[in-house]
Amino acid sequence: MTSQPDRKALTRAAFAAAAVLTVVTVAGAAPGAGAAPASPAGTPKLKLIAASKAVTLDRWEGEPGVYLDLGTYVTVDGAPLELNVTRRSYKDPVVARQILRNGTHTTSRTLPAGLVKDFSGLPGFLEVSVKNAAGQEVTRSKGTFCPNNASGRLRPDAPATSHYPESCSTNPFTLGSVWGVEKGWAANSSTVDYDKPVDLPVGEYTAKVSVAKKYRDLFGIPDDHPTIKVTVRQTGDGGSGGGTSSGGTTGGGTAGQRAASPSAPSALSDPHAQHSQHSMGAGHAGHHFGPRGADAPTTGALSHALEARGLAHHLGDGLGHTDGSRVAPALRADGRRPTGRAGVPANVPKPDLRSLPAWDIAVTDGEDGDVPGKDYLAFSANVWNAGPAPLVVDGFRKPGADLMDAYQYFYDAHGKQVGYAPTGTMEWDPRIGHEHWHFTDFASYRLLSADRTRQVRSGKEAFCLANTDAIDYTVRNANWHPYNTDLSTACGQQNSISVREVLDVGSGDTYTQYRPGQSFDISDLPNGTYYIEVKANPAHRLQETDLKNNVSLRKVVLGGTPGARTVQVPPYDLVDAP
């Protein structure tokens, strides 16, 4: 089947930084990447700059506005900027601490309570005022600054690579994040919010950008106000001309691409990524939509990295991807099946799979293959790995076979393979929105009665494992630069002979409700209270350090009438993420 790139995905992929700083790509780090290099100066010096005095923004035909990617950066010198952001549990607030390194001496200071409310970055950091040619202010906004945004070096003697993570998590059930900018680097501070384009007609504007006073006082940032000339131009539908924004071009190195894999595919260059966009996005011919859109998660429920792929998975670093999302290359399976007697030493490190409570819960009228006219309860679910070892599963296919034989691999503290165990099968899933190899019995979903004693609906889901979300990068051996962050690279093709799927330490895999087969048919269920159960490793086929933390429950209250069912989702402790 021939597919065409989704226009919105191409639109977003065409954003380019105004004048990209001298960029050094970020190489993949080994599992267990940890503390920043020691610095003789303990306190970083921050400054707001504009990479260019003028940018050009494209207003695509049919789009409600433009995205204010103004090419502003926060530079860091003297010492790295590093923040640890954690919460003890979902009953506790988020706490942000700045890590200060002075040679071999490390201290920390806690940022003011309530300043940081989630894991998406520093809220209200960037203040932007845009005036038209007559000097009238036409829009004013405040933006969140993620220090892990796409970044680049300021000078040749700066560290060659950044070991910090490449994006900030917007998963509502994140537990721990690490934010950082290396000494001598700069991170993009412009916020490209795909849900909130700014309605600027074609014309000339002036944007003035500054850092909010509370952050200037907190970090000692000078009160600078870069001014940028903004030209808004009309761009035709479809992006066939490869239109760019911010005065960029479609070639050359871009912020955030990985030195270790310069050929890592982007949405513009990789036909598999384009196909994935097309099959998962709103443009797929004959696709079924609900009144809310079974393909369309709640606005703001997913990270920019998820939204930017036309509701697929990570789009990947490319022109102007300032949220730091990327397509990482797949890890190749071993060249041959494991030989010798299967076995695992008793003391070998193992993964610890945990499920998050369901979120982004809504009533839709189903997906491709569902019965028209019925009501379905859709949701997002995530299983993550708390470590201390990655989950590594290889699949091997006999010639002509429909299934792959799957094996779980185990490694010692030095990364040497010390054992393996057969762990079921992988199957090719041809459904729209999947079209890749799934490891069977990875997770199951059940809708339980109010007293949680009866199962009223179930749905077992095989998974393609990909590190889509950073759930807790503060756990032991967390890998801040995981491979397999994208389904188009992680899960093989129909003609694959072998596949390696990895869930790295600290990361989780989100399956959103627009994927076929995940939702519950609630058409004939009475109104009342139910619980969505997400269970990792339900058949215990995978070996783990702990099997007692694999289940999560999320309360929902169904109402309405057939054809117009409703759902209410109470907060989960302090997390109000319906």
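Among the listed pairs K117/K142; K53/K183; K196/K535; K53/K131; K131/K213; K183/K213, those whose Cα-Cα separation exceeds 26 Å are K196/K535.
3J(HN,Hα) couplings calculated from phi for the range 86-98 with the Karplus curve 6.51 cos²θ - 1.76 cosθ + 1.60 (θ = phi - 60°) are, in sequence order, 9, 9, 5, 7, 6, 8, 10, x, 6, 10, 10, 10, 8 Hz; Gly and Pro show x.
For the pair T227 and L553 in one chain, pulling the backbone fully straight at 0.36 nm per residue adds 112.4 nm over the alpha carbon distance. What's the FRET efficiency of V348 with T106 using the Cβ-Cβ distance as r and R₀ = 35 Å, to the nearest 0.05? Result of the calculation: an efficiency of 0.65. What is the calculated FRET efficiency for K214 to L403, with r their C-beta to C-beta distance and R₀ = 60 Å, to the nearest 0.05? So the FRET efficiency works out to roughly 0.60. Fraction of C-alpha pairs exceeding 10 angstrom in the range 533-574: 78 percent, rounded to a whole number. The simple spin-label model puts a point 7 Å past each Cα toward its Cβ; for K45 and H540 those points are separated by 6.0 nm. Per the Debye calculation on the range 121-177 with a single equal scatterer at every Cα and no solvent contribution, log₁₀ I(q)/I(0) for q = 0.16, 0.22, 0.26, 0.30 Å⁻¹ amounts to -0.74, -0.93, -1.05, -1.18. Close amide H pairs (under 5 Å, H built 1.01 Å from N) link T423 with A406, Y407, Q408, residues at least 5 positions away or on another chain.
Normalised Debye scattering of the range 100-205 at q = 0.14, 0.15, 0.21, 0.23 Å⁻¹ gives log10 I(q)/I(0) of -0.75, -0.84, -1.22, -1.32, counting only Cα atoms as equal scatterers and leaving out solvent.
Values quoted throughout were computed directly from the atomic coordinates according to the rules given, and no laboratory measurement underlies them. No experiment lies behind these values; they were computed from the predicted model shown. Ideal geometry is used to build each Cβ from the backbone, glycine not excepted, and the neighbour counts take in all protein chains shown.
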